[in-house]
Amino acid sequence: MQAAANTVVRFHYRVAEGGAGSGADIESSHVGGEPLAVLLGHGGIIPGLEAALIGKAAGEQFEVEIEPEQAYGPLRPNFVQRVPKKYFRDPAKLKPGMQTAVSTDQGARLVTVLKVGMSVVDVDLNHPMAGKTLKFAVDVVDVREATEEERAHGHAHGAGGHHHD
Ligand code: ZN
């Protein structure tokens, strides 16, 4: 069966910076050993990767280069915010340059710490991969129809997917 909206695709991937500056992997699912399971058509992954997966079947391998607009968006200059320390999980460990998650209305968001004050922290809200062209190498493991429950939740369940407590 071919990947489409409301199917669950399990795949391994490697991602590196594309274009002229292509280099080492930024992230790889091969390291953890388990493929990622994604429900298509629900915004679970970046649009460029979702578009590239559509129509693929189990066993297919492909590479795709994705522009920032179809990945994590352009790099926004001065996209800085001052955030009270209570919104960080482990404020005592914050250091400039480190990446950490902040709780927001839209869920956890990955930010880069710029400056740590007494009670507030200045963070850069750009996603670490914002502004980057990304090159993915994907191995499709399998494709299956999503369950009613997965469609209702908007994510894949089971191995490589979302686990509920
Ligand atoms: Zn669920």
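The values are calculated or read from the model by the stated rules, or taken from the named source; none is laboratory data. Just so you know, these numbers come straight off a predicted model, no measurement behind them. Here the Cβ positions follow ideal geometry from the backbone for every residue, glycine too, while neighbour counts run over all protein chains shown. Side chains are part of the model used for accessible areas, which takes the heavy atoms of the whole protein and leaves out ligands, DNA and RNA. Shrake-Rupley method; radii C 1.70, N 1.55, O 1.52, S 1.80 Å.
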Every listed condition ((1) away from the ligand (no atom under 16 Å from the Cβ); (2) at pLDDT 95 or above; (3) of a type in the set (A, V, I, L, M, F, W, C); (4) more than 20 Å from LEU53 (Cα to Cα)) holds for ALA137 save (4)
Filter segment 95-148 for residues that are assigned to a loop (DSSP other than H, G, I, E, B) and of a type in the set (Lys, Arg); the one that is surrounded by the most Cβ atoms within 10 Å (Cβ to Cβ) is LYS132
| request: Could you tell me whether VAL80 is touching a residue at least 24 places away in the same chain (Cβ under 8 Å) and in contact with a Leu (Cβ under 7 Å, 6 or more places away or on another chain)? | output: yes
Taking segment 149-164 and the residues there that are assigned to a loop (DSSP other than H, G, I, E, B) and within 11 Å of the ligand (Cβ to nearest atom), the one that is least open to solvent (accessible area, probe 1.4 Å) would be ALA156
For segment 20-78 the number of residues that are more than 26 Å from GLY131 (Cβ to Cβ) and hydrophobic (A, V, I, L, M, F, W, C) is 4
By residue number, the members of segment 44-81 that are at pLDDT below 95, of a type in the set (Gly, Ala, Ser) and open to solvent by 30 Å² or more (accessible area, probe 1.4 Å) are GLY44
When segment 131-165 is checked residue by residue, the ones that are in contact with a Lys or Arg (Cβ under 6 Å, 6 or more places away or on another chain) and outside the structural domain of ALA58 (by TED's automatic domain parsing) are GLY160
